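The values are calculated or read from the model by the stated rules, or taken from the named source; none is laboratory data. Since we're looking at a predicted model, the values are computed, not measured. Cβ atoms come from the backbone with ideal geometry, glycine included; neighbour counts cover every protein chain shown.
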Amino acid sequence: MGLQLSAPFILASASPRRIELLRLLGLDFTVMPSGADETFRQGESPPAHTLRLSADKARLIATAHPGSWVLGADTIVVIDSDVLGKPADPEEARQMLKKLSARAHTVFTGFTLARQEARIAVSEVVESTVLFREIAADEMAWYINSREPYDKAGAYAVQGMGAFFIKEIRGSYTNVMGLPLCEVVDVLKQVGAVKFEV
């Protein structure tokens, strides 16, 4: 019982959140980070960046494993046209959280499913809006001290302690985590990568 794959499946990412989400589906998969260059290109919009990068990640691994399905993904947090990456230190985390406090921001995830042997590559970008409540100074200090913000785009984890900052999510919750499962499963079915077995 579960999802049956038509070929081996590779996640071209080491993201613990993406691994956790795919495991929820009961998929049997291998993790192979691509090492793709994540630099923004001049004039590239956030959605275009996530799409290009997800395709680059999938293509790099699919070329070496032509018979496998390969899923690449990239997630970014945007507010006021600023892209918030992963904070390097407490002060950067504080600045990001202050910017997000009591405001809405956008999370974009681009994903690409590719299989070289079948000449298939399908890409999509999914957008979610997240509204934060106001974050008090003591809450912010406590959260930064927890160290949770450091490997998270935007300095928070929607599925972690950072969840109590969130008043509302418009769009996909799993997209904010790093992989929009609804859309990913739709694409997996569309290309014949999975079947639901009872």
Within segment 140-162, track down each residue that is part of a helix (DSSP H, G or I) and either within 15 Å of the chain's Cα centre (by Cα) or over 15 Å from Met177 (Cα atoms) (or both). Met140, Ala141, Trp142, Tyr143, Ile144, Asn145, Asp151, Ala153, Gly154, Ala155
Only listed residue being in contact with a strand residue (DSSP E or B) (Cβ under 7 Å, 6 or more places away or on another chain) and within 15 Å of Ser123 (Cβ to Cβ), chosen from Ala7, Ala48, Ala12: Ala12
Out of all the residues in segment 84-102, which are charged (D, E, K, R), surrounded by 15 or more Cβ atoms within 10 Å (Cβ to Cβ) and at pLDDT 95 or above? Glu92, Arg94, Lys99
Of (1) aromatic (Phe, Trp, Tyr); (2) over 18 Å from the mean Cα position of the chain (by Cα); (3) under 17 Å from Val70 (Cα atoms), Phe111 fails just (2)
Taking Asp74, is it charged (D, E, K, R) and surrounded by fewer than 21 Cβ atoms within 10 Å (Cβ to Cβ)? no
Within segment 15-34, which residues are in contact with a strand residue (DSSP E or B) (Cβ under 8 Å, 6 or more places away or on another chain) and either outside any loop (DSSP other than H, G, I, E, B) or of a type in the set (Lys, Arg) (or both)? Arg18, Ile19, Leu22, Thr30, Val31
Among the residues of segment 104-116, is any charged (D, E, K, R), surrounded by 23 or more Cβ atoms within 10 Å (Cβ to Cβ) and either closer than 20 Å to Ala157 by Cα or in contact with a His (Cβ under 8 Å, 6 or more places away or on another chain) (or both)? no
Within segment 66-81, can one find any residue that is over 13 Å from the mean Cα position of the chain (by Cα), farther than 17 Å from Phe40 by Cβ and of a type in the set (Phe, Trp, Tyr)? yes
Given (1) within 19 Å of the chain's Cα centre (by Cα); (2) acidic (Asp, Glu); (3) more than 26 Å from Ile169 (Cα to Cα), Glu44 misses just (3)
Segment 157-198: number of residues that are at pLDDT below 95, surrounded by 15 or more Cβ atoms within 10 Å (Cβ to Cβ) and among the aromatic types (Phe, Trp, Tyr): 0
Return the residue satisfying two criteria in turn: it lies in segment 21-41 and is over 23 Å from Ala118 (Cα atoms) and touching a residue at least 24 places away in the same chain (Cβ under 8 Å), and of such residues it is surrounded by the most Cβ atoms within 10 Å (Cβ to Cβ). Leu21
Filtering segment 74-91 down to residues that are in contact with a Gly (Cβ under 7 Å, 6 or more places away or on another chain) and either of a type in the set (Val, Ile, Thr) or closer than 15 Å to Glu124 by Cβ (or both) yields Asp74, Thr75, Val77
